[in-house]
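The values are calculated or read from the model by the stated rules, or taken from the named source; none is laboratory data. Note that the structure is a prediction, hence the values are computed from the model and not measured. Cβ: placed from backbone, ideal geometry, glycine included. Neighbour counts: every protein chain shown. When the accessible area is computed, the model is the full protein with side chains, heavy atoms only, and any ligands, DNA or RNA have been set aside. Shrake-Rupley method; radii C 1.70, N 1.55, O 1.52, S 1.80 Å.
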Amino acid sequence: MSSDEDEWVPFSRRPEWSDVKPVPQDDGLHPVVPIAYRDDFRETMDYFRAVYLSGERSQRALNLSAEAISMNPGNYTVWYFRRLVLEAINADLNDEMEYTNCVASRNSKNYQIWHHKRWLAEKLGPEVAQEELEFTKKIFAIDAKNYHAWSHRQWVLEALGGWQNELDYCNELLKNDIFNNSAWNQRYFVITRSPLLGGLQSMRESEVSYAVEAILSNPENESPWRYLRGLYKGNPNLLICDNQVLKVCLQVLNTKHNIIFPLSLLLDLLCHGFRPSAEFVSSIEALRITLPESSSTSSSLAKTVCSILETVDPIRLNYWFWRRNHLPSEVC
């Protein structure tokens, strides 16, 4: 059937549907806000309800579900029914995946479609892993931060495999856009979940170097700063002892530009027991003298850092004020 609305043929005029009595939608006697459905949509759903309620499992029922999906790709019940029919008639699931990819390409943020793709991929198994990864790449070329596609890609990797080139793919994405926080998230997912890389512990040193390089090239980019913290998740003592981390923090602070993220990192280091060197104290003192007089007399380095952040990051002023008043007793 053509997708051209002018060529749509009503079900009531299709001989193959003459044995089906449509079931109208029941909105009650006095609907509060009746919806003005298009005639083709109303008739399609009337026939769908009839087939759904009768439990019919046939090729025409599958075709009917495709017409209903073309009019409303987000209808959960139609997708659910379609899966029942696919199983009942033993349909070719590779053909179904091709159909689903066409629908997904036009509706890439529709949860129901991605759920259907996952169901198909589970049925088809590891043999479709590479095809699914390639499909998500096509979606990212249009929308690099499509949450549904990233979620599906991660599921494919864990359930079906395909880890071999994933870190290289992350490198490619970040080379094209170092601010792509979705790619940073995927990179962390790969180094912590891939069975080929040895886990976070074996990857930490090289990944810290990667993050530091990204920070130095764009200190205002929050993603590598967050990534750097993530590399030490649950191990603040290791973070405090890593000279690469301390060096990049001090280096960016000394530029006196884009200092919000290094200050935030320094504050967390102080709260976890970091004892700053004279260089750190000197850098903070240089920043402190630029503060308004009323906020430049803090009694500890941590409080001074909070005061500076209140000034240079006014959007989160209340947060830094809260942090200043809830510092651990040992750093106050």
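Odds and ends about this structure:
- Looking only at region 145-158, residues that are closer than 22 Å to residue 196 by Cβ, surrounded by 15 or more Cβ atoms within 10 Å (Cβ to Cβ) and not polar (S, T, N, Q) come to 6 in all.
- Answer residue from region 72-83, given it is open to solvent by less than 50 Å² (accessible area, probe 1.4 Å) and in a helix (DSSP H, G or I) and is nearest to residue 148 (Cα to Cα) among those: 79
- Some residue of region 54-70 being over 26 Å from residue 105 (Cβ atoms) and of a type in the set (A, V, I, L, M, F, W, C): no
- Residue match in region 84-98 (condition: on the phi > 0 side of the Ramachandran plot and open to solvent by 50 Å² or more (accessible area, probe 1.4 Å)): yes
- Residue in region 133-144 that is acidic (Asp, Glu) and either open to solvent by 70 Å² or more (accessible area, probe 1.4 Å) or in a helix (DSSP H, G or I) (or both) present: yes
- Total residues in region 161-195, condition touching a Leu at 6+ places or on another chain (Cβ under 9 Å) and either open to solvent by 30 Å² or more (accessible area, probe 1.4 Å) or part of a helix (DSSP H, G or I) (or both): 17
- Residues being of a type in the set (Gly, Ala, Ser) and more than 15 Å from residue 208 (Cβ to Cβ) - total across region 221-271: 2
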